[in-house]
Structure formats: structure tokens, C-alpha cells
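The values are calculated or read from the model by the stated rules, or taken from the named source; none is laboratory data. Computed from a predicted model, the values in this text were never measured in an experiment. Backbone-built Cβ (ideal geometry, glycine too); neighbour counts: all protein chains shown.
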Amino acid sequence: MRGSNRWLFFVIMLVSGILIINEILVQRDQPAFLDVEREGIVAYVVDGDTIVLQNGEKVRLVGVNAPEVSSDDGLKAKEFVEHFCPPGTVIGLDVDGLSPKDKYGRTVAVVYVEVSGQWVNLNAELLHSGHASLMFVPPSEFNPYLW
């Protein structure tokens with residue numbers, strides 16, 4: 001009987017461990033879209049790091065710096081963003097709580113877009129694609145070095 005209890009205990013612990021590890025991996029793969037404060041609808045893309053919403057609000061993507069549209073790389077960055085969020089796209093905004101506006105009055109935020117049913121951090125995608133460079137301007141609640 002004692003051997004049976006040990007075997008049952010081992011199986012329960014193994015299954016529990018697998019479930020815990022799976023939950024951790026699922027949470028890590030999902031962007032923190034639940035932390036998004038609000039949504040907006042894209043009116044147009046200004047450049048690789050600025051979007052204008054239908055309500056007229058200008059959004060500056062935090063943690064990234066794209067080349068100006070006067071350069072070929074700048075045009076490519078703008079096209080990259082337009083691919084993810086053409087006019088009419090609903091985006092999620094996680095506004096920087098420490099620096100909600102930049103010196104030009106733009107809302108500073110992480111922008112999330114839906115791709116194939118998954119919410120994607122557009123700021124991080126710009127960095128990973130090479131269309132923007134990392135730009136950390138403190139104070140900021142976001143650390144783009146972790147993207």
C-alpha cells in the first residue's frame with residue numbers, strides 16, 4: 001500500500017509541475033495586453049514611430065526611434081507600421097505612466113496590434129525588424145532593453 005501511495009504522489013506532483021510550467025510559458029508568450037489602458041482607431045501613420053488616431057490624438061511609440069521619412073529607411077519604417085496598422089485598425093495603448101506626453105504633446109505609449117488573433121507589441125516588432133533603434137528616455141515605466 002505504501003508503494004502505491006508513493007506512486008500516486010509522484011504522478012500528482014509530475015502533473016502539477018507540468019501544469020505550472022505550461023502556465024508560466026503561456027503567460028510569457030502572451031503580451032501584457034490586459035495592462036492596456038485604452039484602445040484607439042488609427043487614422044494614419046505619420047512615420048515609423050508616430051501614429052495619429054481618428055480622434056486626432058498623436059501617439060509616439062515609446063522606447064523606439066525610427067529614421068525620418070525623408071530617408072529610404074524612414075519610408076521603410078513607416079511602411080512597416082502601416083502594414084500592421086492601416087487606417088481603421090483598432091490598437092491597444094499602454095500609456096507611459098511616468099511620462100504620458102512628450103515635449104511635442106504626443107501621447108507616449110506601447111502600441112499593441114492584433115495579428116492572427118494574437119496581440120503584438122508593435123514597438124518591439126519595430127526593434128526586432130531593424131526598422132527602428134532603441135531609445136530609452138527616462139523617466140519611463142517601460143524598459144525597451146527587455147523587448
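Below, the figures for the structure above:
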read-out: Segment 25-50, residues that are at pLDDT below 60 and either over 28 Å from Val95 (Cβ atoms) or in a helix (DSSP H, G or I) (or both); value: Leu25, Val26, Gln27, Arg28, Asp29, Phe33, Leu34
read-out: Verdict on Leu98 being touching a residue at least 12 places away in the same chain (Cβ under 8 Å) and in contact with a Gly (Cβ under 9 Å, 6 or more places away or on another chain); value: no
